[in-house]
Amino acid sequence: MTVTAVNRRSTRRGWASAGAVGALVVALTAGVATGAQAAGPPAPPDAQALRASIAGLPNAQLTSAVVLVDGKDGRWSGTSGSGDLATGRPVAADGRFRIGSISKVFTATVVLQLAAEHRVDLDGTVQQYLPGVLPSSYPAITVRQLLNHTSGLPAGGDLGGDDGSAQWFVGHQDESWTPQQVVAEAGNRPMQFQPGTAQQYNGLNYFLAGLLVEQVTGHPYAHELNARLLRPLGLHSTSVPAADDTRLSHPTAHAYLTVTRPDGSTEQADVTKQSPWPWAEGGMISSAPDLDRFLTALLRGRLLPPAQQAELFSVPDVPNVHNRNCDIGPTAGHACFSTGLMRFSPSDGVVLWGKTGSRPGYTNGIFATQDASRDLVYSLTPTSRDGAPFAAQYGIAAAAFGLAGH
């Protein structure tokens, strides 16, 4: 195992502050160590703790890690593990990876831009913008309810017979489904609850949000994302690939899943090439430097006017339904998702925000302080479809922000 790191002063431009919105942007998948750092500026990034947080790779659970910490106190970039188990090449700190549900933050930003342009009314209904797409038996669902996961729509099913196993995915990693197929399949089931009365994180909401972008603008989703976010910010490693484009050029590392052979032995199956069919919900590709730039621009108000910026941090006051992410700390049992981000409060006086994302073979996260004076991007390559262990993710965040428990 080798951990490589670069530690230097940041030369990033100081963008205008977005005011009193934000806080620490973080998304965690389950649980949290108690006694997290109290409110206030985080301790300086601890290079030794950061190195230790990704040491020991590859192991049975993770084959690689990429971590980037940036801000006014300096920039630390580190990698660990193997970039290719077959050749032993090193991990590329500036390489690309499949960002999964971090795609939702991009999608929400585009929809909020359209709202600022008075082309989308967040209180307008999905049925208004996408007539005939949802079953006529469904109640009216607003655009805001899509973005904050209070739509009550049924969760997506097991398309193609996916049983959740690594073996199934390895045999079907090239297969894809259109957004229309995803929506139609879900429409065979009843609503989960009346819109606006509870919150259930649901990828179907963001397939519909992507279709809404296309309907309103008359352009493909990828075109709008490129024109509004990727080109203006110079995100040259970020893309929305076509569903049949399984390539991943210049990857941080190859991704692997552990599969069991008929004789009971195991092997590492390479799943770097796979269909990005989750699209506006979870199909994008990016890099740590690009996500660093995007997150900073978003939090510092470069992408949204104040009214829409505030929407990013507005969490509905409704119960949480089966979201493990929300059942933590003093706000347990309550909604924790806003329009693309997630509120996370591990203890009294500590409020965090952000997003994680995963695809088979990838677990990622983006984090930042309230004023974007420090941010964190990480990408891990887990060998299980369950994703990277929570302890590994929290350990990186704890080291980056001086939280308790690392």
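The values are calculated or read from the model by the stated rules, or taken from the named source; none is laboratory data. Owing to the predicted nature of the structure, the values given are computational and were not obtained by experimental measurement. All Cβ positions, glycine included, derive from the backbone under ideal geometry; neighbour counts span all protein chains shown. All accessible areas refer to the heavy atoms of the entire protein, side chains included, with ligands and DNA or RNA removed. Shrake-Rupley method; radii C 1.70, N 1.55, O 1.52, S 1.80 Å.
Run down Gly160, Gly152, Gly88 and say which single residue is part of a loop (DSSP other than H, G, I, E, B) and either surrounded by fewer than 16 Cβ atoms within 10 Å (Cβ to Cβ) or modelled with pLDDT under 95 (or both).
Only one candidate passes the filter, namely Gly88.
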Odd one out for Ser384 among (1) at pLDDT 90 or above; (2) under 30 Å from Ala269 (Cα atoms); (3) open to solvent by less than 10 Å² (accessible area, probe 1.4 Å) = (3)
inquiry  = Just checking, does the stretch 377-393 include any residue being more than 23 Å from Ile54 (Cα to Cα) and either part of a strand (DSSP E or B) or touching a residue at least 24 places away in the same chain (Cβ under 8 Å) (or both)?
reply    = no
ask   = With respect to Leu146, is the statement that it is under 20 Å from the mean Cα position of the chain (by Cα), in contact (Cβ under 8 Å) with a residue 60 or more places away in the chain and open to solvent by less than 10 Å² (accessible area, probe 1.4 Å) true?
value = yes
query = List the pairs whose first member sits in the stretch 315-333 and is over 18 Å from Ser151 (Cα atoms), whose second member is open to solvent by 40 Å² or more (accessible area, probe 1.4 Å) and at pLDDT below 80, and whose Cβ atoms are under 6 Å apart, counting only residues at least 6 apart or on separate chains?
reply = Pro330/Asp348
task = Being part of a loop (DSSP other than H, G, I, E, B) and open to solvent by 30 Å² or more (accessible area, probe 1.4 Å) is the filter here, so list the residues in the stretch 110-139 that pass it.
result = Glu117, His118, Arg119, Asp121, Asp123, Pro131, Gly132, Val133, Pro135, Ser136, Ser137, Pro139
ask   = Looking at this structure, is Gly210 of a type in the set (Gly, Ala, Ser), in contact with a Pro (Cβ under 8 Å, 6 or more places away or on another chain) and open to solvent by less than 20 Å² (accessible area, probe 1.4 Å)?
value = yes
ask   = When Val315 is evaluated against the numbered criteria (1) open to solvent by 60 Å² or more (accessible area, probe 1.4 Å); (2) modelled with pLDDT under 95; (3) within 30 Å of Thr197 (Cβ to Cβ), which criterion, by number, is the only one it fails?
value = (1)
ask   = What tally of residues in the stretch 277-329 results from selecting those that are outside any loop (DSSP other than H, G, I, E, B) and not small (Gly, Ala, Ser)?
value = 22
Residues of the stretch 50-70 classified as at pLDDT 95 or above and over 19 Å from Leu257 (Cβ atoms), total = 9
message = Please verify whether Ser379 is touching a Ser or Thr at 6+ places or on another chain (Cβ under 9 Å), surrounded by 22 or more Cβ atoms within 10 Å (Cβ to Cβ), under 19 Å from Val3 (Cα atoms) and modelled with pLDDT of 85 or more, treating the condition exactly as stated.
response = yes
inquiry  = Here's a check for you: in the stretch 163-193, which residue that is under 19 Å from Ala269 (Cβ atoms) and in a helix (DSSP H, G or I) is most open to solvent (accessible area, probe 1.4 Å)?
reply    = Gln167
key: From Arg302, Arg293, Arg343, residue being under 14 Å from the mean Cα position of the chain (by Cα), open to solvent by 40 Å² or more (accessible area, probe 1.4 Å) and either within 29 Å of Val182 (Cα to Cα) or touching a residue at least 24 places away in the same chain (Cβ under 8 Å) (or both)   = Arg343
message = On the basis of being in a loop (DSSP other than H, G, I, E, B) and either of a type in the set (Ser, Thr, Tyr) or at pLDDT 95 or above (or both), does Asp73 make the cut?
response = no
key: Residues satisfying the stated conditions in the stretch 353-372, i.e. open to solvent by less than 10 Å² (accessible area, probe 1.4 Å), hydrophobic (A, V, I, L, M, F, W, C), touching a strand residue (DSSP E or B) at 6+ places or on another chain (Cβ under 6 Å) and at pLDDT below 85   = Phe367, Ala368
